[in-house]
Amino acid sequence: MPVRVQQEDFDTGAEIAALRRADPGIGAIASFIGLVRDVNDGDAIAGMTLEHYPGMTEKALARIVTEAKQRWDIIDALVIHRVGELKPLDQIVLVVVAGAHRGAAFDACEFIMDYLKTRAPFWKKEQTAQGARWVEARASDDLAAERWSEPQAK
Amino acid sequence: MSIRILYFGRLREDMGIPGEMLEPPAQACDVKSLRAQLVARGGASAVALGSGKAVRVSVNQDLARDDTPVKAGDEIAFFPPVSGG
């Protein structure tokens with residue numbers, strides 16, 4: 001399954017190996033791992049809770065992966081996003097894209113993350129010394145996603 | 001068949017409930033008019049969904065716009081701009 005939402009951690013090496021399936025047509029693998037930092041907006045972060053919209057989340061992520069496959073000449077892609085309680089150093093999200101060549105793999109990987117950031121229904125609530133607070137969406141994420149609004153060449 | 005309403009993130013906290021069932025609208029309704037109907041109840045709904053708040057809406061688990069139609073049996077979710085990844 002190309003999209004998973006789970007509480008458990010993931011093993012990047014095992015996921016990449018599974019995606020490759022010893023397919024000799026794959027010449028490039030691009031991956032992105034998002035991690036929990038210990039600082040945000042100048043405050044120390046003790047941990048965070050990731051909430052999502054079960055059902056819509058999987059649907060939104062699957063649609064993003066489908067669009068990436070339509071727009072770039074890639075062979076396969078995988079998205080794993082964790083939910084629940086997370087601490088600094090924890091992994092949050094994994095995107096892996098396999099293709100024949102690096103250009104499409106890099107671009108599709110970045111596209112998937114940019115769209116995930118602005119279209120997939122996840123919300124972070126972080127714990128600081130002053131109490132818990134919801135993480136606001138960033139305008140820079142909207143700008144990053146807008147880059148892809150013009151059709152890209154394969 | 002009623003309309004199922006869901007709230008997520010900060011909106012869920014502001015509303016004080018994760019969701020609710022509403023009677024279906026008597027006449028043609030869209031996202032904008034449904035939101036206005038909820039705000040008109042006052043209280044937590046007016047605070048959480050008022051015009052000053054950045055609110056995103058989905059209809060049947062697809063991102064929706066103000067003019068997206070809403071009908072009996074739909075699942076409508078209200079939530080803040082997303083912040084995953």
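With a Förster radius of 35 Å applied to the beta-carbon distance between residue A:41 and residue A:101, the computed FRET efficiency rounds to 0.35.
Basic side chains Lys and Arg get +1 at the Cβ, acidic Asp and Glu get -1 at the Cβ, and with that the dipole of the protein assembly as shown about its Cα centre reaches some 260 debye.
Select from A:110, A:85, A:58 the residue whose mean-square fluctuation is largest in a Gaussian network model of chain A (Cα-Cα springs shorter than 10 Å). Judging by the Gaussian network model, the answer is A:85.
One Cα centroid belongs to the stretch B:25-58, the other to the stretch A:104-123; the line between them spans 29 Å. Per-residue mean of foreign Cβ neighbours for B:59-69 is 2 (Cβ atoms of other chains, 10 Å radius). Each principal axis of the Cα atoms in the stretch A:40-154 has its own extent, and those three values, largest first, are 48, 25, 25 angstrom.
Partner lysines whose Cα lies under 25 Å from the Cα of residue B:53, excluding those fewer than 8 positions away in the same chain, are identified as A:117, A:124, A:125, B:32, B:71. For the stretch B:10-16, the Karplus equation 6.51 cos²θ - 1.76 cosθ + 1.60, evaluated at θ = phi - 60°, returns couplings of 4, 5, 4, 5, 5, 6, x Hz by residue, with Gly and Pro reported as x.
Go through the stretch A:1-106 and name the trypsin sites (Lys or Arg not before Pro) that are in a DSSP coil and have 14 or fewer other Cβ atoms within 10 Å of their Cβ. Write out the running numbers ahead of the final one.
On the way: sites: A:4, A:20, A:21, A:37, A:59, A:63, A:69, A:71, A:82, A:102; in loops: A:21, A:37.
When the trypsin sites (Lys or Arg not before Pro) of the stretch A:1-106 are filtered for loop state and at most 14 Cβ neighbours within 10 Å, A:21, A:37 remain.
Report the semi-axes of the equivalent ellipsoid for the protein assembly as shown in whole Å, largest first, where each axis is √(5λ) for an eigenvalue λ of the Cα gyration tensor. Don't jump to the answer; show the numbers that get you there.
On the way: eigenvalues 229, 99, 45 Å².
Values for the protein assembly as shown, descending: 34, 22, 15 Å.
Taking the square root of 5 times each eigenvalue of the Cα gyration tensor, what semi-axes in Å does the equivalent ellipsoid of the stretch B:3-79 have, largest first?
On the way: eigenvalues 61, 34, 30 Å².
The three semi-axes for the stretch B:3-79 are 18, 13, 12 Å.
What the Cβ-Cβ distance of residue A:8 and residue A:33 gives, at R0 = 22 Å and to the nearest 0.05, is a FRET efficiency of 0.90. Largest GNM mean-square fluctuation across A:11, A:114, A:90, computed for chain A with C-alpha springs under 10 Å, falls on A:11.
Coordinate-derived values only; no laboratory data. Computed from a predicted structure; not experimentally measured. In this analysis, Cβ positions are derived from the backbone assuming ideal geometry, glycine residues included, and neighbour counts consider all displayed protein chains.
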